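Readers should treat all values here as calculations from the given coordinates under stated rules, not as data from a laboratory. Please read all numbers here as calculations on a predicted model, not as lab measurements. Quick reminder, even Gly has a Cβ in these numbers, built from the backbone with ideal geometry, and neighbours come from all protein chains shown.
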Amino acid sequence: MIVKTLTMTALVSMIGFSMSGCASKDDTVGASNPAPAAATSGGLQQAMITIDGGKYTPSVVSVERGKPVELTFTGGKELGCGGTVVFKSLNISKIVESGKSVTVNFTPQEAGEIAFTCGMGMYDGKVIVK
């Protein structure tokens, strides 16, 4: 009984430890602090997003519909499951390596939100289309 209790305690501790760095919710984005807008250059909306330490920075980007978007994802030192970026609704998946960058290109046609996650769905972010 004691061994069983110790095993369960160890398992719960391991699960808590392994998931501790996987939240990417950005509580700072709201009405008083809107999502950063992608920079526009020659009609192309561009934003850079870093993947490191269990989160995307920034995790929310604002763009305009009907204009091409180019998001550049750069891998930090601690990628974890963030080494794969998935835009499920766009049917796009890209592999990102530490210290390297990949781009995701699309043109949003409708206002709303386009979610992106890591390969395991533990890190998340979104593109707000206005």
Task: Label-to-label distance, nm, for residues given as residue 48 and residue 103 (7 Å Cα→Cβ offset) - done: 1.4
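Once the piece of chain linking residue 93 and residue 77 is laid out straight, how much longer is it, given 0.36 nm per residue of separation minus the C-alpha distance between them?
Roughly 3.7 nm would be gained on extension.
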TODO: Would you mind listing how long segment 39-95 runs along its three principal axes, going by Cα atoms, in whole Å with the largest first?
DONE: 34, 22, 16
Open item on the list: For a test of the definition: using alpha carbon positions, the gyration tensor, and the 1.5 limit on a/c, classify segment 30-130 as rounded, prolate or oblate.
Closed with: prolate
